[in-house]
1. What's the number of the condition A:Gly29 fails, among (1) within 11 Å of another protein chain (Cβ to nearest Cβ); (2) surrounded by fewer than 23 Cβ atoms within 10 Å (Cβ to Cβ)?
2. Among A:Val82, A:Val39, which is the only one that is hydrophobic (A, V, I, L, M, F, W, C), assigned to a loop (DSSP other than H, G, I, E, B) and buried (at least 20 other Cβ atoms within 10 Å of the Cβ)?
3. Scan A:Ala526, A:Ala518, A:Ala493 and give me the residue that is away from chain B (no Cβ under 14 Å), surrounded by 16 or more Cβ atoms within 10 Å (Cβ to Cβ) and within 30 Å of A:Gly276 (Cβ to Cβ).
4. Which one of A:Arg99, A:Arg93 is on the phi < 0 side of the Ramachandran plot, in contact with a strand residue (DSSP E or B) (Cβ under 8 Å, 6 or more places away or on another chain) and among the basic types (Lys, Arg)?
5. Scan the stretch A:452-469 residue by residue and report those that are surrounded by fewer than 17 Cβ atoms within 10 Å (Cβ to Cβ) and either in contact with a His (Cβ under 8 Å, 6 or more places away or on another chain) or not charged (D, E, K, R) (or both).
6. What residue, among those in the stretch A:32-47 that are at the interface with chain B (Cβ under 9 Å from one of its Cβ atoms) and within 17 Å of A:Ile125 (Cα to Cα), is nearest to the chain's Cα centre (by Cα)?
7. Looking only at the stretch B:1-16, count every residue that is away from chain A (no Cβ under 13 Å) and hydrophobic (A, V, I, L, M, F, W, C) and tell me the total.
Amino acid sequence: VTRRIPPLGTVIGGTAAVEQLGYELGLRGVCSPAALCRVGDERRARGILKRLHCESSKGIILLSGREELPPETDGLILLGGVGLPSGAQDLKRLRTTVRIPLEASDLSGTSAPAAEITVIDRSRIADKSTAEFARSTFALLTGEESNYPFPLRVPAAFSFSADTALVLGDEVLSELAGILRHDGVTAPFLITDRGLRDAGLLEKLIEALPAETDLQICDEVPPDSDYRLVMRLAERFRGQKRDAIIALGGGSVLDTAKGLMLSLGTGSDLILEWEGSNILPRLEVPFYAIPTTAGTGSESTRVAVISDHERHRKRLFVSPFLQPRAALLDSGLSASLPPYLTSITGMDALAHAMEAFTCLGKNPFSDLAAWRAVELISVHLKQAVLEPRESRHRLAMALASTLAGQAFSNSMVGMVHSIGHALGSVCGAPHGACMAVLLPHVLHFNLDFIAENVSELLVPLKDRESYDTTIESLRAPGVISIVRGLNHALREATGGRHPTRLREILGSDGDPLVRKEAFGDITSTALGDGSMIYNPREFGAGDILAILEESY
Amino acid sequence: MTVRIKPSAMRFKRLYIRILLMVLGKAIPTASRLSAAVRTESRSFPRGCRILLGVWPSGPDLRLVSDGEGGLYRDTGPKSEADLAIRLKSLEAAFRLFTFRESTAGSEAAGRLAAAGELPLLLSFIRIIDAVEIILLPKPLAKLAVKEWTRPVGLSGLRASLYLSLALPAKRSPV
């Protein structure tokens with residue numbers, strides 16, 4: 001069965017959400033926005049629009065009734081329950097549409113995301129309605145009701161962006177031809193790695209392309225790709241006059257493709273100049289992601305992590321425009337994945353989901369996605385390792401990974417990733433292996449600050465009855481024990497390859513990749529990692545060293 | 001009906017933020033000389049590195065420059081592109097941050113900030129702001145402004161020095 005999850009767009013919520021919209025319009029290049037409201041809503045609409053500062057000082061045209069939109073309109077704000085006007089399709093310069101509900105009833109009964117951006121401002125919409133909207137949106141997009149049994153918490157402010165159209169199934173690679181034809185893509189640039197070519201997956205993908213496709217392939221992406229490769233690929237893309245990017249592979253391939261999209265979209269020769277968050281303009285190059293592992297979630301994140309080998313650092317780029325246009329999650333592509341890779345990438349997805357559920361940027365949308373990911377991983381990860389030919393486990397893990405990606409790329413991740421990125425940069429340790437080892441230790445370190453959230457995870461990791469019958473103070477430690485237990489079970493299932501301690505992460509020569517002598521370098525690198533800002537508890541060099549010692 | 005709506009000027013909030021940034025603009029350079037915690041972080045900024053903390057699109061801002069040895073100074077030179085630029089996406093977001101209803105980390109996590117520049121420097125600068133707020137503000141207020149409040153060594157002396165610096169003219173950058 002093929003499953004389709006349409007893009008949600010961006011939701012900006014909480015206190016002073018309307019004020020933030022001006023910046024978002026600026027990023028999308030909107031100079032002449034117009035707003036529409038129903039007759040009778042003008043006073044409330046004015047109140048909202050007076051709070052909105054745009055890059056242009058001309059102000060915003062507000063129309064009610066049946067007036068025609070000014071021809072120069074390049075951004076449309078729909079206030080209240082007003083629908084998209086018939087003339088909007090003729091606006092050639094229209095760069096974005098925004099929906100601002102004026103009351104809770106404007107949120108209900110929506111059958112699809114009606115605009116690229118939805119602004120749920122706390123001055124107009126109560127938190128309870130925001131939470132209900134999150135639940136109904138999750139059900140609408142994923143086709144299933146959330147099992148999250150607790151009241152959703154709505155923070156003072158949040159933003160959530162999910163712009164990738166997802167197609168999941170056993171043979172969904174065949175959908176690619178239709179997607180490319182629909183988007184008018186004829187000369188794509190395909191990025192992958194040698195391993196996937198040797199495994200025959202590249203051939204499978206080529207067979208799925210339209211016969212007339214003028215394809216160029218780069219299969220040189222190494223496991224830890226860096227920005228210099230991205231710059232070389234950008235030159236090739238321009239020289240060969242390509243019109244889209246297709247990425248087939250794991251995290252390194254997908255992040256390289258995002259770096260390429262960034263370079264092409266900004267016209268920049270040095271992508272490192274764009275390091276940071278929320279500063280990228282809209283990137284117009286179409287990008288299609290086909291992940292072959294279930295872990296990084298990169299196919300649905302607004303994050304690109306690109307290595308800088310000269311400075312031993314992972315460079316972080318955060319922008320909603322880094323999300324692929326579409327992602328195909330084909331269970332057949334991960335069938336040949338060795339059990340060890342299935343186990344560590346699965347634990348990467350679990351770390352994403354659990355950190356998303358407990359870090360500073362958590363919000364109702366990310367919570368629901370993270371919760372579902374934990375549910376799926378709890379049931380299917382070990383089975384996917386033990387029965388790699390069973391497609392339902394692989395498919396469930398692919399969905400879990402993608403949902404976890406959506407969750408963490410909006411709520412962000414914390415200390416597990418700060419130290420994990422540093423271990424990758426300094427020692428070359430595989431990311432998933434680091435996540436598996438560090439997750440229980442960091443959960444324990446953060447516990448006083450996140451006990452309630454961690455406790456709730458006892459439900460998807462065990463069951464509701466266990467949650468109800470376990471005394472409050474023992475629930476969160478119980479969750480940590482389950483994560484440790486999962487690591488041990490995976491170690492057994494992989495014949496001792498899955499690590500439970502840092503010293504058990506081995507290189508191809510069988511020697512440990514992480515050595516105690518490197519702890520100093522790992523610590524200083526971790527202190528410069530972007531993820532640390534989102535960790536619920538402040539931490540310093542001493543805390544990192546303690547966790548490294550503890551988990552060694 | 002068709003009307004053109006201009007945003008309200010929010011003069012009070014703009015003035016308040018301008019004053020707060022002015023206070024930080026004097027307190028941070030002083031703290032970079034006197035506070036060990038701040039100096040540990042400010043040492044990571046290379047010589048001539050320009051830092052901007054401001055409000056999008058044309059709100060008030062604070063500009064600093066590093067001497068490369070841990071000293072930070074008000075950047076009074078002609079406006080140029082910053083090496084590290086942190087911009088609050090709206091005046092209201094800045095007002096909430098500087099009235100200590102949201103922490104800097106919380107603002108970033110909620111998507112209220114846009115940051116351009118090297119992330120280690122951004123993190124160092126956020127840690128500097130947190131350290132300065134802990135010194136400047138009474139504990140109950142500072143606890144709202146930072147993720148975790150820890151008492152710095154010699155807090156009273158540091159606080160007195162920082163308050164004194166507010167009354168003195170800003171030290172000029174040697175860079």
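The values are calculated or read from the model by the stated rules, or taken from the named source; none is laboratory data. Quantities reported herein were computed from a predicted structural model and do not represent experimental measurements. Positions of Cβ are backbone-derived with ideal geometry, glycine not excepted, and every protein chain shown enters the neighbour counts.
1. In the conditions (1) within 11 Å of another protein chain (Cβ to nearest Cβ); (2) surrounded by fewer than 23 Cβ atoms within 10 Å (Cβ to Cβ), A:Gly29 misses (1) alone.
2. Of the residues listed, the single one that is hydrophobic (A, V, I, L, M, F, W, C), assigned to a loop (DSSP other than H, G, I, E, B) and buried (at least 20 other Cβ atoms within 10 Å of the Cβ) is A:Val82.
3. Details: A:Ala526 fails: away from chain B (no Cβ under 14 Å); A:Ala493 fails: within 30 Å of A:Gly276 (Cβ to Cβ).
When all the criteria are applied, what remains is A:Ala518.
4. Working: A:Arg93 fails: in contact with a strand residue (DSSP E or B) (Cβ under 8 Å, 6 or more places away or on another chain).
None of the others qualify; the one that does is A:Arg99.
5. Passing the criteria: A:Ser466, A:Thr469.
6. Looking at residues that are at the interface with chain B (Cβ under 9 Å from one of its Cβ atoms) and within 17 Å of A:Ile125 (Cα to Cα), I get A:Ala45.
7. Within the stretch B:1-16, the first condition is being away from chain A (no Cβ under 13 Å), and the residues that meet it are B:11-12, B:15-16.
In the following step, the residues that additionally are hydrophobic (A, V, I, L, M, F, W, C) were identified as B:12, B:15.
Total satisfying the criteria: 2.
To keep it simple, each residue is scored yes or no on (1) of a type outside the set (Phe, Trp, Tyr); (2) away from chain B (no Cβ under 14 Å); (3) in contact (Cβ under 8 Å) with a residue 40 or more places away in the chain; (4) touching a strand residue (DSSP E or B) at 6+ places or on another chain (Cβ under 7 Å).
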{"site": "A:Thr256", "(1), (2), (3), (4)": "yes, yes, yes, yes"}
{"site": "A:Asp269", "(1), (2), (3), (4)": "yes, yes, no, no"}
{"site": "A:Ser277", "(1), (2), (3), (4)": "yes, no, yes, yes"}
{"site": "A:Thr293", "(1), (2), (3), (4)": "yes, yes, yes, no"}
{"site": "A:His312", "(1), (2), (3), (4)": "yes, no, yes, no"}
{"site": "A:Phe317", "(1), (2), (3), (4)": "no, no, yes, yes"}
